[in-house]
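Undergrad: Right, I'll just put the structure down here and ask away after.
The values are calculated or read from the model by the stated rules, or taken from the named source; none is laboratory data. No experiment lies behind these values; they were computed from the predicted model shown. Glycine also receives a Cβ, built like all others from the backbone with ideal geometry; neighbour counts cover every protein chain displayed. Each accessible area value is taken on the protein alone, full model and side chains, heavy atoms only, with ligands, DNA and RNA left out. Shrake-Rupley method; radii C 1.70, N 1.55, O 1.52, S 1.80 Å.
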Amino acid sequence: MILMRRLLTLFAVLITFAACSEDPTNEPTPPTPPEPEPELERPLPVEPNVRRMLWASINSSKEVVKSTLYEFNDKVLVSWRLFPSDDKELGFDLYRLSNGTETKLNNEPIVGRTNFQDLTANLGMDNIYRLCYAGSNETLDIHTLPATQASAGLPYRSVMLQSTADVEQGVFYTPNDGAIGDLDGDGVPEIILKRQFRLEQFVETKICPKEYRHSTLYEAYKLDGSFMWRIESGPNIPLGNSSSFAVCDFDGDGKCEIALRTAEGTIFGDGTEIGDTNNDGTTDYRVDGDDNIHGGPEFLSVLDGVTGRELARTDYIALGKSADWGDLNYYRSSSYRVGAGSFDGIHNSILICRGCYNKIVLEAWDYYGGKLSRKWRFDTTDGIHGEYAGQGYHNLRVGDVDNDGFDEVVYGSCTIDHNGKGLNCCGYGHGDALHLGDFDPDIAGLEIYSCFEFGDIGAALRSARTGALIWRYDSTEDVGRALISDIDSSSRGCEAWWFRGNVHSIKQDDLGYEAGSCNFAIWWSGKLTREILNGTTIDGIDPSTKKGIRYFTLYKYGATSINGTKENPVLVADFLGDWREEIILPTQNLDELRIFSTWYPSEYQFPYLLSDHLYNMCVVTQNIGYNQPNFVSYYLASDM
């Protein structure tokens, strides 16, 4: 099967090359795009170590007014993963060890759900939960709910952040975007956090002042709070959109690496620093009075997940002239993306990108055997893909949009095929919010829903495979946000809306009410509809009254959001317990992360969401640009 896929891919590439070689006119021959390096022969990836991720949560807050929700408080919810290979009738037994005595909690095998509400736990002592297959005493996973958490009714675990006092005097590095990945191969994910420069007297800036050296830190923490390593960016990595990173297993050894853009002055986890690589006598390319970097060497680095040391390095996509990217002050040339994708259907490749407003360049790189090799390059100035220029977003989505077994890159208003060729381009231009998933149960395949900044289209639903328009909302204004999810069980399919607009059905019927926010969607309550995470609150929609229902107020637990008015979480992802999603937010004093997990029981079970490739790629790329929520590749909604 693998050989057949490769032969078909080669055949398609040869046909495309032959077609593009025909020149019936006498126009000048377009420049030849750089040839990719020879593809490496790579073995199949190592099967990752996957754990059941048994987890427990509790909430003693009396904030919930609705009596139907109030009953969930002060009760322990224990949940665990369902694997894609599990039989749907698979049963589990759950045990609790407390005060030296172990008790079986279920009378009958737990079937059809992967969570259990413990009503009899003594919250004043540590409770150790043990999961087994029904009728077996073999331990599948263990989790301890400490008395300090249970007695206080806290629905979160804390990760204290490492002090940054030894990095720069008088500087504090605020928690920003995050990612998760199994860095050491033990089956338990770690947290990778980006922290950004901030003076005690905060001044808005894209780069730190020249008297300071490091704009950005990257750190890794275990779930128990243990600090693993820190990367210091050096002076040449602007804040914000320029510092995205990807956490993924790129070499197939069962452990995640980190891919990110580096420059001269970057210091890795083992203390090694990138020095003056071009021998020009400088390693600091900042310009006084300017928030942008005007030049200097730029690299793609791959880091070891356990130590943070650099494993491999290559040149990043060349800067060239600022005007090529859409301005004259090197701002739009700093529109970087670092992500991942499985472009051969087997291995994960690194994806690096530059530009969105004018010229756009994407490159896929393979990391294997300690070396980086370029897989393909897409360039809107190659004489073939000119119509794709200016079609990029501040984010991207990666998934198999044409059902050929390989990933494509949805780069906003255009989509790049798995082989680095253009797949489709709608030509609607740049926008800020982009979603990829199965939103309409009546249409086969995936859809793209997004909003737009220019032109006469405010938002649109499109076919992911062809880019063809399904429906559009007309507006000449910049529609800065838009969201799609099943939030209303009385309406078939997912609902879509945009900033200050009413909620619409998947067929574009105006449902006559507003959602209250179009920030982040989250699976939290255990129902098949989703809730809306807006800053530090989670709200749902009552399908009968169309009024909002408050499910959780996170700021009451000292949490705050990131990225200013965008009010993002550090991360939302299903990485603990069952298929509901966890939330990582910093505390208001910015020296701690809190991992919030749901305490709502659910009657439904699904394979843990990270086992779905599209969802996994959403999580990997969530920190790119303007953070976006996750979706699965199948239709998950209330009318399944």
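Undergrad: Give me the distance in nm between label points sitting 7 Å out from Cα along the Cα-to-Cβ direction at R313 and D280, one decimal.
TA: 1.6 nm
Undergrad: So what is the 222 nm mean residue ellipticity for the chain from helices alone, if each DSSP H run of at least 4 adds -39500 (n - 2.57) and you divide by all residues, rounding to the nearest 500 deg cm²/dmol? Mind showing how you got there, number by number?
TA: Values: 5 runs with 40 residues, N = 640.
One gets -1500 deg cm²/dmol as the mean residue ellipticity at 222 nm.
Undergrad: With +1 assigned to the C-beta of every Lys and Arg and -1 to the C-beta of every Asp and Glu, and no other charges, what is the dipole magnitude of region 250-318 about the Cα centre in debye, to the nearest 20?
TA: Values: 5 positive and 16 negative charges, 46 e Å.
With Lys and Arg at +1 and Asp and Glu at -1, about 220 debye.
Undergrad: Mind checking which lysines have their Cα closer than 16 Å to the Cα of K321? Skip sequence neighbours fewer than 8 apart in that chain.
TA: Of all the lysines, those that pass the test against K321 - Cα under 16 Å, at least 8 places apart if same chain - are K359.
Undergrad: What is the helix-to-structure angle for 2-21, meaning the angle in degrees between its Cα long axis and the longest Cα principal axis of the chain, kept from 0 to 90 and rounded to the nearest 10?
TA: Around 30 degrees separate the two axes.
Undergrad: Still on this model: Translational diffusion coefficient, Stokes-Einstein: compute it for region 356-419 using the Kirkwood radius over C-alpha pairs as Rh, at 4 °C and 1.567 mPa s, and state it as an integer in µm² s⁻¹.
TA: 102 µm²/s
Undergrad: Once you sort the root eigenvalues of the Cα gyration tensor of region 229-330 as a ≥ b ≥ c, which label holds: rounded (a/c under 1.5), prolate (a/b larger than b/c) or oblate (the other case)? Each step should come with its number before you reach the end.
TA: Working: a/c = 2.17, a/b = 1.65, b/c = 1.32.
Here region 229-330 falls in the prolate category.
Undergrad: At a probe size of 1.4 Å, how large is the accessible area of H613, to the nearest 10 Å²?
TA: Near enough 70 Å² of accessible area.
Undergrad: Right, something else. Using a ≥ b ≥ c from the Cα gyration tensor of region 72-136 (square roots of the eigenvalues), is it rounded, prolate or oblate, where a/c under 1.5 gives rounded and otherwise the larger of a/b and b/c decides, a/b for prolate? If you can, show how the numbers build up before the last one.
TA: On the way: a/c = 2.35, a/b = 1.69, b/c = 1.39.
Cα axes put region 72-136 in the prolate bin.
Undergrad: Hey, another quick one. Plugging the Kirkwood radius over Cα pairs into Stokes-Einstein for region 92-242, at a temperature of 20 °C and a viscosity of 1.002 mPa s, what D comes out in µm²/s?
TA: For these conditions, the coefficient is 113 µm²/s.
Undergrad: Further, regarding this structure: Please say if region 447-508 is rounded, prolate or oblate, where rounded means a/c under 1.5 for a ≥ b ≥ c the square roots of the C-alpha gyration tensor eigenvalues, and otherwise the choice is prolate for a/b larger than b/c and oblate otherwise? Walk me through the intermediate numbers first.
TA: Values: a/c = 2.22, a/b = 1.26, b/c = 1.75.
Verdict is oblate for region 447-508.
Undergrad: If you don't mind, another one. Ignoring ligands, DNA and RNA, what accessible area per residue does the chain give at 1.4 Å, in Å²? Walk me through the numbers before you get to the answer.
TA: Values: 24870 Å² over 640 residues.
Value for the chain: 39 Å² per residue.
Undergrad: In region 398-535, carbon and sulfur make up what percent of the accessible area (probe 1.4 Å)? Don't skip to the end; give the middle numbers.
TA: Details: 1870 of 4320 Å².
Of the solvent-accessible surface of region 398-535, carbon and sulfur hold 43 percent.
Undergrad: On to the next question. Give the relative contact order (percent, whole number) for the chain; include only Cα pairs under 8 Å separated by 6+ residues.
TA: Details: 1648 pairs, mean separation 79.9, N = 640.
So the answer I get is 12 percent.
Undergrad: Still on this structure, please answer the following. Please compute, for the alpha-carbon atoms of region 283-381, the extent along each of the three principal axes and give them in descending order in Å.
TA: The Cα atoms of region 283-381 stretch 43, 32, 15 Å along the principal axes, largest first.
Undergrad: Same structure again: Using modelled amide H (1.01 Å from N, peptide plane; none on Pro or chain starts), what sits under 5 Å from the amide H of H430, excluding residues fewer than 5 places away?
TA: Counting only residues 5 or more places away or on other chains, the set is E453, F454.
Undergrad: Can you run the Rg to Rh ratio on region 532-628? Use alpha carbon positions and the Kirkwood inverse-distance Rh. Before the final figure, lay out each step's value.
TA: Details: Rg = 14.3 Å, Rh = 14.7 Å.
Looking at region 532-628, the ratio lands at 0.97.
Undergrad: What is the dipole size for the chain, taken about its Cα centre, with +1 at each Lys and Arg Cβ and -1 at each Asp and Glu Cβ, in debye to the nearest 20? Spell out each step's value before the answer.
TA: Values: 55 positive and 94 negative charges, 252 e Å.
So the dipole magnitude of the chain works out to roughly 1220 debye.
Undergrad: Sticking with this one: Go ahead and run the numbers for FRET between D87 and K527, Cβ-Cβ distance against an R0 of 35 Å, rounding to 0.05. Walk me through the numbers on the way to the answer.
TA: On the way: r = 24 Å, r/R0 = 0.70.
Once rounded, the FRET efficiency stands at 0.90.
Undergrad: While we're on this one: Within 10 Å, count the other beta carbons around each residue, average over each peptide in 490-497, 122-129, 152-159, 506-513, and list them highest first. Don't skip to the answer; put the middle values down first.
TA: On the way: 490-497: 22.9, 122-129: 16.5, 152-159: 18.2, 506-513: 14.1.
The most tightly packed comes first, giving 490-497, 152-159, 122-129, 506-513.
Undergrad: Volume per residue, Å³, of the convex hull around the alpha-carbon atoms of region 432-546?
TA: Working: hull volume 11.4 nm³, N = 115.
Per-residue hull volume (Cα only) is 99 Å³.
Undergrad: Something else about it: Binning at 20 Å from 0, report for the chain what percent of all alpha-carbon pair distances ends up in each bin.
TA: 19, 54, 26, 2, 0
Undergrad: Using unit Cβ charges (K, R positive; D, E negative) and no other charged atoms, how large, in debye to the nearest 20, is the dipole of region 133-262 about its Cα centre?
TA: Working: 11 positive and 19 negative charges, 129 e Å.
With Lys and Arg at +1 and Asp and Glu at -1, about 620 debye.
Undergrad: Per the 1.4 Å probe, what fraction of the accessible area of region 277-384, in percent, lies on carbon and sulfur atoms?
TA: Carbon and sulfur together cover 44 percent of it.
Undergrad: Another one. In region 497-640, if the dipole is taken from +1 on Lys/Arg beta carbons and -1 on Asp/Glu beta carbons about the Cα centre, which of L593, N630, V503 is farthest to the positive end?
TA: Checked the options; the winner is V503.
Undergrad: Moving on. Summarise the accessible area of region 181-262 (1.4 Å probe, protein heavy atoms) by the percent that is carbon and sulfur. Display every interim value, and only then the final one.
TA: Details: 1120 of 2450 Å².
Here carbon and sulfur together make up 46 percent of the probe-accessible area.
Undergrad: At 1.4 Å probe size, with no ligands or nucleic acids counted, give the accessible surface of M228 in Å², nearest ten.
TA: 40 Å²
Undergrad: Something else: So what are the three principal axis dimensions of region 532-588 from its Cα atoms, in whole Å, longest to shortest?
TA: Projected onto its principal axes, the Cα set of region 532-588 covers 35, 29, 20 Å.
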